[in-house]
Amino acid sequence: MTRWIDISQRLDSKVPTWPGDTQFSYSLTWTKQLSGSVNVGQITMSTHTGTHIDAPFHFDQKGKKVLELDVNLYVGPARVIHLSQIEQGEIGSIGVEAIAQIDLQGVTRLLIRTGAWKDRRIFPDKIPEIRPELAEYLENRGVQLLGLDLPSVDPLDSKELPAHHALARHNIHILEGLVLDDVPAGDYELAALPLPLADADGSPVRAVLRPL
């Protein structure tokens, strides 16, 4: 039986968070020693810690919240592609020309390995952003979910978030913070389900792949 590949960031005290956002912490509120029966823990974290999805409400006051999203977006066939020109520093952003030679017809879930986030224990200073015009190109090929090995689809200092808004206009949902370092390019089955958070703007996920 083909084994699943974990492509999620480890959640511990060293996981990097957006500067100024809530740091991850886990602690025991009850211990087996004190309760006489069980350990029970509590988690404090941002909804955008580690590997996570963005709900449209994250950047649009009228956008859908996590529980309103179709769970089928996050489970099913996916294609992993490698952008070596990003990893080698040849281009600084991801536009149509970066993937124009890759056949994406019929690909519903596209996961891009850029290799640009070298040390995932440190929040990056700069990332190769998605250029907004890529959204229409992806929609025309059937892409509904875009995943990246980066903490955002936009420049880290952006307030307008043009890529977030462009992707939303073209009905493409966002999965960020993937770990694709050792994942060969190819076709996989993806499972990256968000938690059923009724009012949330995002959710951590346990993202896994299985080769098709």
* To do: For region 61-69, state whether one or more residues are loosely packed, with under 12 Cβ neighbours inside 10 Å, within 24 Å of E129 (Cα to Cα) and modelled with pLDDT of 95 or more.
  => yes
* From T47, T22, T2, which residue is part of a loop (DSSP other than H, G, I, E, B), loosely packed, with under 14 Cβ neighbours inside 10 Å, at negative phi and touching a Pro at 6+ places or on another chain (Cβ under 8 Å)? -> T2
* To do: Please verify whether region 53-71 includes one or more residues that are closer than 19 Å to L180 by Cα and under 18 Å from the mean Cα position of the chain (by Cα).
  => yes
* Asked: Could you count how many residues in region 1-22 are farther than 28 Å from V183 by Cα and either free of Cβ contacts under 8 Å to residues at least 24 places away in the same chain or of a type in the set (A, V, I, L, M) (or both)?
  -> 1
* Structure fact -> The condition from (1) closer than 20 Å to I91 by Cα; (2) touching a Ser or Thr at 6+ places or on another chain (Cβ under 6 Å); (3) among the small types (G, A, S) that A163 misses is numbered (2)
* Asked: Quick one: would you say K32 is of a type in the set (K, R) and surrounded by 13 or more Cβ atoms within 10 Å (Cβ to Cβ)?
  -> no
* Would you check if there is a residue in region 117-125 being more than 30 Å from Q23 (Cβ to Cβ) and either in contact with a Lys or Arg (Cβ under 9 Å, 6 or more places away or on another chain) or touching a residue at least 40 places away in the same chain (Cβ under 8 Å) (or both)? => no
* To do: Could you please find all residues in region 165-189 being of a type in the set (A, V, I, L, M), within 12 Å of the chain's Cα centre (by Cα) and farther than 14 Å from V66 by Cα?
  => L178, V179, L180
* To do: Determine if region 86-96 includes at least one residue that is part of a helix (DSSP H, G or I) and without any contact (Cβ under 8 Å) to a residue 24 or more places away in the chain.
  => no
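The values are calculated or read from the model by the stated rules, or taken from the named source; none is laboratory data. Bear in mind the structure is a predicted one, so any value in this text is a computation, not a measurement. With ideal geometry, Cβ positions are generated from the backbone for all residues, glycine too; neighbour counts draw on all protein chains shown.
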